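Input: a single structure, listed below in structure tokens.
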Amino acid sequence: MELTEILAEVPVPSMAVGTMYFGTTVPAAEAHSVLDVAHEQGAWFWDTANNYAFWAKGGTGDESEKCLGDWLATRGPRAREEVMLATKVGARPRPGSVGLSDPMGLSAAALREQLTDSLKRLNTAHVDVLYAHIDDRTVPLEETVGVLGELQAEGLTRAIAASNLRADRLAKAVDAGGPSGSGYAALQQRFTYLVPDSEADLSPHVLLDGPIEQICINAGIAMLGYSPLLSGAYTRDDRPLPDGYATSANDAALGELHSVSDQVGLDAGQVVLAWMGQRDRPVLPVIGLSGPEQVDSALHAVSTALPVEALTRLDAARSSA
Ligand SMILES: NC(=O)c1ccc[n+]([C@@H]2O[C@H](COP(=O)([O-])OP(=O)(O)OC[C@H]3O[C@@H](n4cnc5c(N)ncnc54)[C@H](OP(=O)(O)O)[C@@H]3O)[C@@H](O)[C@H]2O)c1
């Protein structure tokens, strides 16, 4: 099923609510207030994973899915019908291992086991989008793509998707699906307005770049971008740009961003969110939100139409960076 078909079933704004730190850095009660506001305002596309956030203090990887599952359990079946749940599997550390050196991965058995556990934590019989979170090169792509297709056919997920694939591997995944393609409805990669230095080490994140965009467009795969706000660095003095982004090549792009921000009355981060959804090749932002006011800000951003000439200026400054 196409992601656009799923999103078109309900009038959701063009954004996903990122819940990576729900239940760890963002305590469950606060996270539930964010979900309440998002739900009330129609921001119904929620993004989690089966490893969020094992690296946070006290985290095991269960917390974000459990936080969403607890919210759904108390809000009843209607809320579950309204909300679209996307989760990711593959990047959860194997029991007894530390970090991402030995993840559970994307074999047929591992995918089935992880999805079963995710559905329990999320208190639901199915998810709407199931992502392969990483590129697991120990398993043939045909196996991963094949079992994801089976899980979809079994009704355990409505759509399947990938994340953190490089261009050659995405092309292979599309081929692995045979004439009808991989079946991937969506690809989620790191993406924002500023482009990092080509030498920057973003590992384990993988950027959405031009060649990958082209494969997605050719194969009809919807594009989503995570870390769109660079953790707040576009607007907050306490958040420096991450390594690789504070380059002189980005000075002009940042200047244009702030000029458009002044022109349209959005802050620079909001302009980035609006630009993502309105560029020629739209990328749906997956936005980390830790307070109700951040939900309001993001919703205002993605529902504000940028003037065509502002989009053109932003694109030009970005591509010359
Ligand atoms: N597929 C993958 O491999 C992958 C990887 C990373 C993330 N993700 C997904 O993407 C989501 C977002 O990722 P992210 O947290 O790295 O990205 P982000 O959206 O760039 O940053 C989110 C942070 O920005 C700050 N913020 C939010 N709204 C703001 C506003 N209006 N003004 C100023 N600051 C604001 C908040 O920081 P404070 O909370 O400190 O206020 C928030 O936690 C995650 O939750 C997850 O669902 C996926």
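Here are the numbers for this structure:
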| item | result |
| --- | --- |
| Aspartates and glutamates with Cα under 18 Å of LYS172, excluding same-chain neighbours fewer than 8 positions away | ASP135, ASP136, GLU142, GLU143, ASP209, GLU213 |
| Sequence-distant residues sharing a close amide H with PHE45 (under 5 Å, placed H) | VAL17, MET84 |
| Probe 1.4 Å, protein heavy atoms only - accessible area per residue of the range 217-302 in square angstrom | 42 Å² |
| Cα long-axis angle, helix 210-219 against the chain (0 to 90 degrees, to the nearest 10) | 50 degrees |
| Charge dipole magnitude, Cβ of K and R +1, D and E -1 - the range 108-180, Cα centre, debye nearest 20 | 200 debye |
| Size of electric dipole in the range 135-289: Cβ of Lys, Arg +1 and of Asp, Glu -1, about Cα centre, debye, nearest 20 | 340 debye |
| Selection from MET223, LEU289, LEU151, by position along the positive dipole direction of the chain (Cβ) | LEU151 |
| Vicinal HN-Hα couplings computed from phi for the range 94-110 (Karplus, 6.51 cos²θ - 1.76 cosθ + 1.60; Hz; Gly/Pro x) | 4, x, x, 9, 10, x, 9, 6, 9, x, 5, x, 10, 6, 4, 5, 5 |
| Helix 268-278 axis, angle to the chain major axis (alpha carbon atoms, nearest 10°) | 70 degrees |
| Check: the chain dipole with +1 on Lys, Arg Cβ and -1 on Asp, Glu Cβ, in debye | 480 debye |
| Per residue accessible area of the range 1-110, 1.4 Å probe, in Å² | 42 Å² |
| Proximal aspartates and glutamates to LYS57, defined as alpha-carbon separation beneath 19 angstrom and excluding residues fewer than eight positions away on the same chain | GLU30, GLU65 |
| Net charge of Cβ neighbours under 14 Å - reference GLY149; Lys, Arg +1; Asp, Glu -1 | -2 |
| Set of lysines near LYS88 by C-alpha distance (under 16 Å), chain-local residues within fewer than 8 positions excluded | LYS66, LYS120 |
| Spatial separation of Cα centroids for the range 185-202 and the range 35-67, in angstrom | 22 Å |
| Where SER163, SER227 fall by accessible area, highest first, once all protein chains stay in place (1.4 Å) | SER227, SER163 |
| Calculated [θ] (222 nm, deg cm²/dmol) that DSSP helices of n ≥ 4 give over the chain, each run adding -39,500 (n - 2.57) | -12500 deg cm²/dmol |
| Hypothetical label at ASP267: residues of the range 226-259 whose amide nitrogen lies under 13 Å (7 Å Cα-Cβ projection) | 229-239 |
| Nonlocal amide H pairs with ALA159, under 5 Å, H built at 1.01 Å | VAL129, LEU130 |
| Phi to ³J(HN,Hα) by Karplus 6.51 cos²θ - 1.76 cosθ + 1.60 over the range 299-304, Hz, x for Gly, Pro | 5, 4, 4, 6, 9, 9 |
| Spin-label pair ASP168/SER248, simplified geometry with 7 Å Cα→Cβ offset, distance in nm | 3.3 nm |
| Residues whose placed amide H lies under 5 Å from that of LEU207, excluding near-sequence neighbours | ARG190 |
| Dipole of the chain, positive direction: furthest Cα of TYR52, ASN164, PRO196, with charges on the beta-carbon | TYR52 |
| Carbon/sulfur fraction of accessible area - the chain, other protein chains in place, 1.4 Å, % | 53 percent |
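The values are calculated or read from the model by the stated rules, or taken from the named source; none is laboratory data. Just so we're clear, the structure is a prediction, and the values are computed from it rather than from any experiment. Methodologically, a virtual Cβ is constructed for each residue, glycine included, from the backbone with ideal geometry; neighbour enumeration extends over all protein chains shown. Only protein heavy atoms, including side chains, enter the accessible area calculation; ligands, DNA and RNA are left aside. Shrake-Rupley method; radii C 1.70, N 1.55, O 1.52, S 1.80 Å.
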